[in-house]
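Working notes for the structure below.
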Amino acid sequence: MIFESKNWPSPAKINLFLHINGRLANGYHQLQTCFQLLDYGDTLHFNINASGTIKLATTIEGVVETDNLIYKAATLLKQKSKTTLGCEISIEKVLPMGGGIGGGSSNAATTLVALNHLWQTNLSVDELADLGLKLGADVPVFVRGNSAFASGVGEQLTSINLPEKYFLVVHPNVHVSTAEVFTDPDLPRNTQEIQWDNYCFEDTQNDCQELVCQQHGDIAKTLQWLLEYAPSRMTGTGACLFAVFDNEIEARKLLQKLPLGCDGFVAKGVNRSLLFERIAEDSK
């Protein structure tokens with residue numbers, strides 16, 4: 001081992017809304033959404049080596065190492081940069097998989113950003129975002145590190161500054177297949193595009209929410225429960241839901257009352273990713 005670098009944030013996101021505007025000939029969907037970054041997420045650690053090998057020290061149940069987005073991201077960056085260095089990566093996982101809060105995409109982005117810094121490969125943010133897009137449509141927003149409006153298939157990003165709210169994020173312990181949602185014939189695909197200048201949370205919706213709630217009763221019941229306390233919505237294709245609060249105290253009070261079978265956490269919405277605070281610390 002050449003050196004060890006610990007505590008690289010891999011933050012969660014929520015989609016404050018998700019509008020499906022159409023479907024392209026290749027099967028991808030045209031959409032509009034708002035990515036709100038949170039101050040809560042997984043943490044990655046990197047042991048840099050001279051052997052050139054890439055290894056995951058932490059296994060994720062049901063995921064083969066070569067299929068893990070962290071491994072794929074490190075491999076892509078190594079191939080692009082032609083560095084001779086390698087790494088061993090471990091992760092402290094707190095975000096649920098497949099919850100619609102970007103855990104895997106954020107892990108991939110943190111790997112790209114951190115290793116670009118630690119390997120001194122000096123790729124630009126644009127180059128890293130292009131690599132990230134090969135791994136998933138949500139990866140670039142984490143690479144760029146700003147809350148953002150997104151359009152296209154999610155890759156056209158406009159950085160924004162949102163009021164800093166607190167969010168109770170709830171996972172009803174249900175798995176929702178994103179692929180199945182986006183291929184379902186009953187998914188709405190004709191929502192009119194909005195102008196970002198006119199964005200208002202109350203005037204938007206998640207076009208996947210009604211369909212997913214029809215198919216998953218536990219999600220529907222949990223959402224109805226949340227709506228009794230605060231403005232609430234599903235994020236992405238689920239299964240996670242969020243409730244919006246002006247202060248942390250009220251959000252934490254409701255966290256203590258979660259229905260049986262649900263997990264959750266409280267986080268602050270941030271406009272700049274904690275990952276880039278970590279970069280700044282390491283550069284001092």
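When ASP126, ASP39 are checked against the criterion of being under 19 Å from the mean Cα position of the chain (by Cα) and in a strand (DSSP E or B), ASP39 stands alone in meeting it. If you take the residues of region 183-231 that are surrounded by fewer than 16 Cβ atoms within 10 Å (Cβ to Cβ) and in contact with a Pro (Cβ under 9 Å, 6 or more places away or on another chain), which of them is nearest to ILE160 (Cα to Cα)? Looking at residues that are surrounded by fewer than 16 Cβ atoms within 10 Å (Cβ to Cβ) and in contact with a Pro (Cβ under 9 Å, 6 or more places away or on another chain), I get PHE201.
Could you check region 81-123 and list, in sequence order, the residues that are of a type outside the set (S, T, N, Q) and assigned to a helix (DSSP H, G or I)?
As a first pass, look at region 81-123 and keep what is of a type outside the set (S, T, N, Q): 82, 85-89, 91-104, 108-109, 112-115, 117-119, 123.
Listed by number, the residues that qualify are GLY103, GLY104, ALA108, ALA109, LEU112, VAL113, ALA114, LEU115, HIS117, LEU118.
Of all residues being of a type in the set (D, E, K, R) and closer than 24 Å to ASP138 by Cα in region 203-236, which is farthest from the chain's Cα centre (by Cα)? Just the residue, please. Before the answer, list the steps.
First, the residues of region 203-236 that are of a type in the set (D, E, K, R): 203, 207, 210, 218, 221, 228, 233.
Restricting the remaining residues to those that are closer than 24 Å to ASP138 by Cα gives 203, 207, 210, 233.
Details: ASP203: 23, ASP207: 18, GLU210: 21, ARG233: 16 Å.
Checked region 203-236; the qualifying residue farthest from the chain's Cα centre (by Cα) is ASP203.
The single condition among (1) more than 15 Å from the chain's Cα centre (by Cα); (2) among the β-branched types (Val, Ile, Thr); (3) modelled with pLDDT of 95 or more that VAL63 does not meet is (3). The residues on offer are THR222, THR204, and the sole one that is more than 28 Å from PRO9 (Cα to Cα), of a type outside the set (Lys, Arg), in contact with a Phe, Trp or Tyr (Cβ under 7 Å, 6 or more places away or on another chain) and modelled with pLDDT of 95 or more is THR204. Residues that are modelled with pLDDT under 95 and either small (Gly, Ala, Ser) or in contact with a Phe, Trp or Tyr (Cβ under 7 Å, 6 or more places away or on another chain) (or both) within region 134-150 comprise GLY136, ALA137, listed in sequence order.
Would you confirm whether or not region 7-24 contains a residue that is assigned to a helix (DSSP H, G or I) and of a type in the set (S, T, N, Q)?
So the first thing to find is which residues in region 7-24 are assigned to a helix (DSSP H, G or I), and the list is none.
So far as region 7-24 goes, no, none of its residues is assigned to a helix (DSSP H, G or I) and of a type in the set (S, T, N, Q).
Taking the listed residues ILE60, ILE70, ILE14, ILE20, the one that is crowded, with 24+ Cβ neighbours inside 10 Å and farther than 18 Å from ASN116 by Cα is ILE14, with no other qualifying. Take LEU77 and decide whether it is surrounded by fewer than 20 Cβ atoms within 10 Å (Cβ to Cβ), aliphatic (A, V, I, L, M) and closer than 21 Å to LYS134 by Cα. Answer is no for this residue.
The values are calculated or read from the model by the stated rules, or taken from the named source; none is laboratory data. The shown structure was predicted, so the numbers you read here are calculated from the model rather than taken from an experiment. Please note: Cβ atoms are built from the backbone with ideal geometry, for glycine as well, and neighbour counts cover all protein chains shown.
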